[in-house]
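Worksheet: the structure to be examined is printed underneath.
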Amino acid sequence: MKKIFATLLINGICLYIIDYLFAGISLTPTALIWVSVLLWLLNLSVKPILKLISLPLTILTLGLFSFVINGFILWLSFKMIPGAYYNSFWTMILASLVLSILNTGLNEIFSK
């Protein structure tokens, strides 16, 4: 239970930073919480299936297609929650790259 709460908290912090950094992304406080929860759920359920389906394309692009998958998961979570706005799909891909970096960094900090 602590790990789930920590993951949701780190997702929320990362999404707040992304909301601050990108002019094309806007989140209301309640949308930030719901996007964080939905992003966690989509990463657990949908993302492994997409990675498995797109494995040949990911291998062909030397792993760069995984950024598109991450952007799609982030786009999907923004699309499903009212109060979460984005500018374009390319903004989502860039935001997912920053989200991955921030998530990795914060997980390293909080795991110690």
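State the percentage of accessible surface on the chain attributable to carbon and sulfur atoms; use a 1.4 Å probe and exclude ligands, DNA and RNA.
76 percent
Need the full-extension length gain, ALA23 to SER100, defined as separation in residues times 0.36 nm minus the C-alpha distance. One decimal, nm.
Separation in residues times 0.36 nm, less the Cα-Cα distance, equals 25.9 nm.
Enter the accessible area per residue of the chain (Å², integer; probe 1.4 Å; all protein chains in place). The partial results should precede the final answer.
Details: 7120 Å² over 112 residues.
About 64 Å² of surface per residue is accessible.
Which of rounded, prolate or oblate describes the chain when judged by the alpha-carbon gyration tensor and an a/c cut-off of 1.5?
The shape class here is oblate.
Where is the GNM fluctuation largest for the chain (alpha-carbon springs, 10 angstrom cutoff): ALA95, ALA84, ALA23?
Largest GNM mean-square fluctuation: ALA23.
The values are calculated or read from the model by the stated rules, or taken from the named source; none is laboratory data. Bear in mind that the values here come from a model prediction, so they are computed numbers and not experimental data. What goes into the accessible areas is simple: the full protein's heavy atoms, side chains included, and nothing from ligands, DNA or RNA. Shrake-Rupley method; radii C 1.70, N 1.55, O 1.52, S 1.80 Å.
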